[in-house]
Each structure stands twice: as structure tokens, then as C-alpha cells.
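Readers should treat all values here as calculations from the given coordinates under stated rules, not as data from a laboratory. Small disclaimer: the values here were computed from a predicted structure and weren't measured. Cβ coordinates were reconstructed from backbone atoms using ideal geometry, including for glycine residues, and neighbour counts include every protein chain displayed.
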Amino acid sequence: MTIRQRLLVMAAGVLFVLGVLGVFLPLLPTTPFMLAAVALASRGSPRFAAWIRANRYAGPAITNWERDRSISRRSKCIALVMIAASAATVWWHIDYRPLAVGVIAGLCVVALFLASRAEPRG
């Protein structure tokens, strides 16, 4: 294994760990870390990438995204409900309204992106 491959695998491992931590820690996103981990692992260690894709929790979402850029209906619904709850929390707890409106606008952009993604084929 070359030095480049080792660095890619180490970076993929760090991103994978951050993705797992994101499941439990608020404000730490899981999905981008997992997607980045599998992308780096694909270049550095196909075996590690296959292991990530075979994971029973993260694997189906990753393969759906890689195959046809789709998100399951269940995942979309959960994400959109959490975004709505976050927007309500921001509105009630941030007194400086321009900041609250800006954060909620950002959340709306993310929600529109998620809602516009296709659902997985069969």
C-alpha cells in the first residue's frame, strides 16, 4: 500500500468515526462525513469502502445516493420534521430577528434540496 493510499484510508477512517459520532451528537452531520469517507475509501481501500457500503445502518443510504442520488421517503420525512423543529427552536430562542430569519432561510434551502431528491428505485 502506498503512502497516498494509507493517507486516504486514514482520512476515510477519521471521517467515518466523525459520521458515527454525528449519530449521537447534535450539530455534527452524519451523512456528509459518511459520503466523504466512502469516497476516500474507494480510492484508498476498496475493501474498507465495501465494508462501509455493507453496513446495515449507513449502507443503504450511501448506495442509494451513489446509485441514483436518491433519498428514501422515511429519511426525507425524518429530516424535514427535524428541520421544522430546528426552525421553530431558532425562532423561539434567537431574539435577534435578522439572524433567526437568516438561519431559517438556510434551513429552508436544505429542506427544499432534500424534498426535491428522488426516491430510490425498487
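Can you compute the equivalent ellipsoid semi-axes for segment 11-83, i.e. the square root of 5 times each eigenvalue of the Cα gyration tensor, sorted largest first and rounded to whole Å? Intermediate results must be reported in sequence, preceding the final value.
Values: eigenvalues 85, 46, 16 Å².
Output for segment 11-83: semi-axes of 21, 15, 9 Å.
Can you list the residues of segment 46-83 with backbone N under 20 Å from a point 7 Å past the Cα of ALA105, pointing along Cα to Cβ?
Under cut-off, by backbone N: 83.
Any chance you could list the semi-axes, whole Å, largest first, of the equivalent ellipsoid that the Cα gyration tensor gives for the chain, using √(5λ)?
Details: eigenvalues 196, 65, 25 Å².
The answer is 31, 18, 11 Å, longest axis first.
Pop a pseudo-label 7 angstrom from the Cα along the beta-carbon direction at both SER116 and LEU28 and give the gap in nm to one decimal.
3.1 nm
Which order do peptides 61-67, 50-56 fall in by mean Cβ count within 10 Å, highest first? Write out the running numbers ahead of the final one.
On the way: 61-67: 16.6, 50-56: 13.9.
Most protected by this proxy first, the peptides run 61-67, 50-56.
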